[in-house]
Amino acid sequence: MKDRGATDQELADKWEVQLRKGCLELAILVALWDGKLYGLEILRRLESDSDLIVSEGTVYPLLSRLKALELVRSEWVESDAGHPRKYYALTPAGKQRVREMAGMWTRFSSSMSKLLAPLSRGR
Amino acid sequence: MAIPENAEQKIDLYLSKLRRRLAGVNPQIIREIADELRGHILDKIAAAGEVTPAAVDATLARLGDPEALADEYLTDNLLARATASRSPLRILHSLLRWASLSLAGFLVLTASVMGYFLGIVFVLVAVLRPFHPQTAGLWLLPGTAGDPEFSLRLGFGTVPAAGRDLLGWWIIPVGLIGGCGVVTLTTRLAIACAQRYRRSRVPARG
């Protein structure tokens, strides 16, 4: 039988994974806010600008889905590396979606911060 | 950057497994997926500096199992397209592919086929009622074990004498509205299940 400490840690890990999953779509769309990027650049942006480290195989199918939903568009661009790269950019619908999601995130985050305030006061 | 032949073979093997799993998808889409992933792999190897078999293995390992990756594409793409179109035919096509990938997909497909079948039969009964006013409708029939059973009849053939037509001409509005409602509900439930399944499968590292 597992000890209580290990179970609590597993639950905490699971919760953190779920939290990251929920943010991934918004994070990818926001990464494209300033302009077009290719897959690896999006991954690097997520790693450098956030704590949201995701497995590499996750981002590409998700980009494909965002494209199917017409939230992003893509184009192939020749590169110095010797192979073309697929660049992604937000569509007008994608920009609208980012604004909506960012608004929701801000309201949610603000509500949670209020709830969590007693912890920062050391009670 | 020159890639050693054995490294190329590893990449080709990885991508061929992925392509095989994607069989049935539009060939142009498969080509784009493979080209994009090849570009990713080459960029990662170049960033690592020296091209060694270990560096290639590590890069491929970070992308994950090729068949699992293909499944992510299949569920993500098919379900996204189904969600965007809301067409029962497109949804059934997507669910058929999903059913070949997982038990969850099979269960949702089975439930959806039953839902669409019931909805279509309701609409057909309503449409056929004017042509078969004596026999088309929702009937309560004496069952074989003595328990009465409900029967939606399109009006072809005869109805047992002991049967009772429950709705009469009301079957037309009830059938049309109810049938369309069941089809709509089935579509929404199928999409909701697909979205829930997709969310539960997005793996995160760290």
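Where a number appears in this text, it was derived from the coordinates with a stated rule and is not lab data. Given the structure is predicted, the values throughout are model-derived calculations rather than measurements. Neighbour counts are summed over all protein chains in view; Cβ atoms, including those assigned to glycine, are modelled from backbone coordinates with ideal geometry.
Nearest 10 degrees, 0 to 90: what angle lies between the long axis of helix A:39-49 and the longest principal axis of chain A (Cα atoms)?
Tilt of helix A:39-49: around 40 degrees.
Indicate the gyration tensor shape class of the stretch B:108-188 (rounded, prolate or oblate), computed on the Cα atoms with a ≥ b ≥ c the square roots of the eigenvalues: a/c under 1.5 is rounded; otherwise a/b larger than b/c is prolate and the rest oblate.
Since a/c reaches 1.5 but b/c is at least a/b, the shape of the stretch B:108-188 is classed as oblate.
What angle do you read, to the nearest 10 degrees and between 0 and 90, between the alpha-carbon axis of helix A:92-120 and the longest principal axis of chain A?
20
Starting from the 7 Å offset along Cα-to-Cβ, what nm value, one decimal, do you get for the label separation of B:E149 and B:V51?
Roughly 6.8 nm, to one decimal.
Order by neighbour count: A:D8, B:D147, fewest other Cβ atoms within 10 Å first, most last.
Listing A:D8, B:D147 from fewest to most nearby Cβ atoms yields B:D147, A:D8.
Just check the stretch B:1-64 against the gyration tensor rule for me: Cα atoms, a ≥ b ≥ c as the square roots of the eigenvalues, rounded for a/c under 1.5, and otherwise prolate or oblate depending on whether a/b exceeds b/c.
Since a/c reaches 1.5 and a/b is larger than b/c, the shape of the stretch B:1-64 is classed as prolate.
Only helical DSSP H runs with n ≥ 4 go in: add -39500 (n - 2.57) per run for chain A, normalise by residue count and round the 222 nm mean residue ellipticity to 500 deg cm²/dmol.
Helix-only estimate at 222 nm: -22500 deg cm²/dmol.
Please check chain B for the longest run free of chymotrypsin sites (Phe, Trp or Tyr not before Pro) that are loop-located per DSSP (anything but H, G, I, E, B) and have at most 13 other Cβ atoms within 10 Å.
The longest such stretch corresponds to B:1-130.
Report the Rg/Rh value for the protein assembly as shown, based on alpha-carbon coordinates and the Kirkwood definition of Rh.
1.12
Between B:Q28 and B:E5, what length comes free when the chain is fully extended (0.36 nm per residue of separation minus the Cα-Cα distance, one decimal in nm)?
Extending this stretch completely gives an extra 5.6 nm.
Based on Cα positions only, what radius of gyration and what Dmax would you give for the stretch A:21-123, in angstroms?
16.4, 59
Please list, by residue number, every one of the GluC sites (Glu not before Pro) in the stretch A:1-83 that is coil in DSSP and has at most 14 other beta-carbon atoms within 10 Å.
A:E70, A:E78
Stokes-Einstein D for the stretch A:25-85 at 4 °C, 1.567 mPa s, Kirkwood Rh over Cα pairs, in µm²/s?
106
Taking other Cβ within 10 Å of each residue's Cβ, how do A:M101, A:M112 sort, fewest first?
If I rank by nearby Cβ atoms, fewest first, I get A:M112, A:M101.
Most fluctuating residue of A:K36, A:K67, A:K14 in a GNM of chain A with Cα springs under 10 Å: which is it?
For chain A, modelled as a Gaussian network with Cα springs under 10 Å, the answer is A:K14.
Taking the stretch A:1-89, how many lysine pairs are there with alpha carbons less than 22 Å apart, if each pair must be eight or more places apart or span two chains?
5
Quick one: 3J(HN,Hα) in Hz for the stretch A:21-30, Karplus 6.51/-1.76/1.60 with θ = phi - 60°, rounded, Gly and Pro as x.
4, x, 8, 4, 4, 4, 4, 5, 5, 5
At a Förster radius of 22 Å, what calculated FRET efficiency corresponds to the Cβ-Cβ distance of B:F106 and B:D65, to the nearest 0.05?
0.55
Assuming R0 = 22 Å, what is the FRET efficiency of B:F117 and B:F156, from their Cβ-Cβ distance, to the nearest 0.05?
Efficiency computed from Cβ-Cβ geometry: 0.80.
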